[in-house]
Amino acid sequence: MNAVANLANLSSLNDERLLIEAAQSDPSRFAELYEHNFHRVYAFVARRVNDRDEAQDVTAEVFHQALRNLGRFQWRGVPFAAWLLRIAANALADRWQHASRGLEVPAEEQLEELPDSAAGDASAVERRAMLFQLVERLPADQRTVVMRRFVDQKSVREIARELGRSEGAVKQLQFRALETLRGQMRKSDE
């Protein structure tokens, strides 16, 4: 039974590789990769942004970025979705980082081109992934404020109205969450 499952998995990876090669030769074939991977990427993004419009925008940016960089993609036997999810994680982290600095960034600048070598990029991806994990570990009210404020880019006033709390309470939750995240990131750097 296990051998049958391994053969099926190998077959699907070979099929995916053929789809990727076809799309690299003819970008109009990218639609097949899009259809195969859309739901997985959208679900990944939607779990992290809590806003349907934002999730749709980020997902569209991910596939736009993937299409633009498809010629640089190198098959390494790993599912294509892993590459797409890395692009999505980078896009979300960039949005969160720019929002935390109060910067407005045009959509086309929010996703940087991905380097081919994983060596220089691995550290940044790991830090972003760690940041997302740390945000998910925050108490629910702090996590909600951080996500609404920095991912959804809502004002303190909007968040206060949404949560039925005072603006001061929202600012305090944001302050505590950011202090916790800074402390945990410092510990991981040591």
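None of Gln142, Gln133 is in a helix (DSSP H, G or I), surrounded by fewer than 19 Cβ atoms within 10 Å (Cβ to Cβ), modelled with pLDDT of 75 or more and outside the structural domain of Phe30 (by TED's automatic domain parsing) except Gln133. If you check every pair at least six apart or on different chains, which have Cβ atoms under 6 Å apart with a residue in segment 16-44 that is surrounded by fewer than 16 Cβ atoms within 10 Å (Cβ to Cβ) first and a residue that is not in a helix (DSSP H, G or I) second? If the second residue must be not in a helix (DSSP H, G or I), the pairs left are Arg17/Trp75. Considering segment 169-190, and only residues there that are under 16 Å from Leu131 (Cβ atoms) and of a type in the set (A, V, I, L, M, F, W, C), the residue that is modelled with the highest pLDDT turns out to be Ala177. Reported count of residues in segment 23-43, each being out of contact with any Leu (no Cβ under 9 Å at 6 or more places or on another chain) and closer than 16 Å to Gly71 by Cα, is 4. Scanning for something modelled with pLDDT of 80 or more and assigned to a helix (DSSP H, G or I), does segment 111-129 turn up at least one residue? The answer is no, given that none of the residues of segment 111-129 is modelled with pLDDT of 80 or more and assigned to a helix (DSSP H, G or I).
Within segment 41-55, the set of residues being touching a Phe, Trp or Tyr at 6+ places or on another chain (Cβ under 8 Å) and under 15 Å from Gln153 (Cβ atoms) comprises Arg48, Ala55. Of the residues making up segment 56-71, those that are farther than 13 Å from Phe38 by Cα and out of contact with any Phe, Trp or Tyr (no Cβ under 7 Å at 6 or more places or on another chain) number 4.
Restrict the check to segment 145-154 and report whether at least one residue is surrounded by fewer than 16 Cβ atoms within 10 Å (Cβ to Cβ) and at pLDDT 85 or above. Scanning segment 145-154 turns up no residue that is surrounded by fewer than 16 Cβ atoms within 10 Å (Cβ to Cβ) and at pLDDT 85 or above. Can you report the number of residues in segment 145-184 which are of a type outside the set (Lys, Arg), touching a residue at least 40 places away in the same chain (Cβ under 8 Å) and within 20 Å of Asp53 (Cβ to Cβ)? Residues that pass the stated criteria total 5. Do we have any residue at all in segment 86-103 that's modelled with pLDDT under 85 and on the phi > 0 side of the Ramachandran plot? Yes: segment 86-103 contains one or more residues that are modelled with pLDDT under 85 and on the phi > 0 side of the Ramachandran plot.
For segment 45-74, the candidate set comprises residues that are charged (D, E, K, R) and surrounded by 15 or more Cβ atoms within 10 Å (Cβ to Cβ); within that set, the residue that is nearest to Glu162 (Cα to Cα) is Asp51.
The values are calculated or read from the model by the stated rules, or taken from the named source; none is laboratory data. All figures in this text were calculated on a predicted structure; none of them were measured in a lab. Please note: Cβ atoms are built from the backbone with ideal geometry, for glycine as well, and neighbour counts cover all protein chains shown.
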